[in-house]
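The values are calculated or read from the model by the stated rules, or taken from the named source; none is laboratory data. Just so it is clear, the structure is predicted and the values come from calculations on it, not from any experiment. Backbone-built Cβ (ideal geometry, glycine too); neighbour counts: all protein chains shown. Ligands, DNA and RNA are excluded from the accessible area calculation, which covers all protein heavy atoms including side chains. Shrake-Rupley method; radii C 1.70, N 1.55, O 1.52, S 1.80 Å.
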Amino acid sequence: MDPPHITEFASERYFEKLKQLSESKEQPHDAVAHPHDGPVAAESSTFILPIGRAKSIDHTSHDVHRTEKRRTNFSFRTILPSRSSVDHDTRRLSTETTKRKSTPFDQLFLALPNELKIQIIASLPLSDILSLRLASRSWHAMITVNEFPIARYHLEHHVPAYAKRLYPAPDPSSIRLHYLCGIWHRLHVAAKLSYLICERVTKEIFLRTTEAQRLEFEPQYERMRRRLIPLLFTIFHFFETYRTLHIEYIREHGYGLSQAPYTINPIEAKIMNMYDDETLLRVHQVFPLVVSSFCRRLRPPSYVGRFERSLRGYLKDRPPDEVYVTAMCIGGLRQVEKFWEIKGYNSRRGAVDTWYNSVMKEPTETTTTKTRRGLLGLTRKKSSVGEADFTRYGETHTGGRGRQGSDAGRRGSDASTFSSWESLVFNTSLAEGMPMGELSREQLKMLIPDLPTLQQIWLPTAEALILDRKIVERPQDIKRNAQVMMELIREDGAVEEDEWWYGRAAPSARPPLEAIEEDPIE
């Protein structure tokens, strides 16, 4: 018999061997093998067929395969993290978090280049920049040292053109935060008064009282408010400059305007010559509205009688004209705004009387009376060191600041370092004060007797200059009362006015109305 590996495919011998192999599979597998089957079994066991061979059933491999199949079944344990992996991830995240928090943000920011820091700070609102000065000494020193580029950026991008025309910087080196905050303080006062006047005009002149009427009148209201802001800013400039020039005039001549003969007020004429024709005419048309609105705010309702006044608590009459003149010429529009915002007529009149008496009368020295020390005099005795002594003590030891922890116990190097920090932090441009600050008692004595009457402020001089400059041909061409109201709410011409007031070359220098609601200097 030929070996199986040399059997020719599809030969007679091949089919015979195939038949023998199939017969051997059909026979039962007994423990004792038959003798005639021995050589066949031996030969079939070594026969290799070139086609697929049937797999032998192996129970051990079958059990292993079944176990592997069982392991591959779906289980939540295969997708949920184990306790050890969760603890490891938590420790890793906490380590990364502590690494991130190891360096605070201010140190990271201070590590940036100086040019980049200035560019970032300058783009912030002015109120945020002033708040950063209070964060720490390093922030205060950085903003104080670089206040020139910061103020210059705001001056170029956020200050309107009419403000720069009225308050030009004397030289580029004088552009500081004090100059910028002074302009924004005046803008804040002008915006606030514009809102208050528009509220009064909408309710009492245009008679828009209900919510539906006010919503319908909203576009006209916004146009009126926006047009009043630059005009009120100019009026602020007029009263501020008038007070300064009035003091200089009295000191130069030795007497006031009440003793000098004139047909046109020289101080007012000098100020109005700073304004162009368009500004002078528009402010002159609006000035009676501003004064009448302020006077209306300080008097009780005119429609109530004496009995209703007493019933409602309107016990005080309107103040005299001298009070209005003093408030505008001495306190300026900032003082007018303070009076206007007080709610309640009696409270408002009480604040006006208190302020007017403080201006007109000498401050009385309060005498301190010795109080009892308590029952049988057994309580703790108060210190007899006065506030003035404490101030002098602080000035001698801390360079005029009166801080706790004086330099007396410091060594020479520490004291010199501390004094340099003090001069850097506190001696800044903002220490000069706000516009139209309080006057001294000597200045008040010079100004108050020489104040003009309410009817002589602005109107006669402005009308004479308008006719002299040929801004209008006749006095009848100057718009008054109802014509002024219609001029403020008209729809056309808003684009040309914005270009004139806010600047043609820099259209971005137009601050939003809500940006000047907050006064950064107070």
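Structure notes:
- Pick from region 453-465, criterion more than 18 Å from residue 322 (Cβ to Cβ) and surrounded by 19 or more Cβ atoms within 10 Å (Cβ to Cβ), ranking: nearest to the chain's Cα centre (by Cα): 462
- Residues that are free of Cβ contacts under 8 Å to residues at least 40 places away in the same chain, open to solvent by 40 Å² or more (accessible area, probe 1.4 Å), farther than 21 Å from residue 244 by Cα and not in a loop (DSSP other than H, G, I, E, B) do not occur anywhere in region 444-452.
- Evaluation of residue 133 against (1) under 20 Å from the mean Cα position of the chain (by Cα); (2) in contact (Cβ under 8 Å) with a residue 24 or more places away in the chain (one fails), failing number: (2)
- Of residues in region 150-165 being open to solvent by less than 30 Å² (accessible area, probe 1.4 Å) and assigned to a helix (DSSP H, G or I), the one farthest from residue 235 (Cα to Cα): 150
- Of the residues making up region 235-265, those that are part of a helix (DSSP H, G or I), touching a Phe, Trp or Tyr at 6+ places or on another chain (Cβ under 8 Å) and either of a type in the set (A, V, I, L, M, F, W, C) or at pLDDT below 95 (or both) number 3.
- So residue 207, is it aliphatic (A, V, I, L, M), open to solvent by 30 Å² or more (accessible area, probe 1.4 Å) and more than 17 Å from residue 227 (Cα to Cα): yes
- Taking the numbered list (1) farther than 19 Å from residue 481 by Cα; (2) touching a residue at least 60 places away in the same chain (Cβ under 8 Å); (3) assigned to a helix (DSSP H, G or I) in turn, residue 213 passes all entries but (2).
- Test: residue 484 is outside any helix (DSSP H, G or I) and modelled with pLDDT of 90 or more: no
- Residue check, residue 191 within 18 Å of the chain's Cα centre (by Cα) and either part of a loop (DSSP other than H, G, I, E, B) or among the small types (Gly, Ala, Ser) (or both): yes
- Annotation note: of 243, 208, the sole residue that is basic (Lys, Arg) and within 30 Å of residue 440 (Cβ to Cβ) is 243.
- Number of residues in region 453-483 that are among the aliphatic types (A, V, I, L, M), in contact with a Pro (Cβ under 8 Å, 6 or more places away or on another chain) and touching a residue at least 60 places away in the same chain (Cβ under 8 Å) equals 1.
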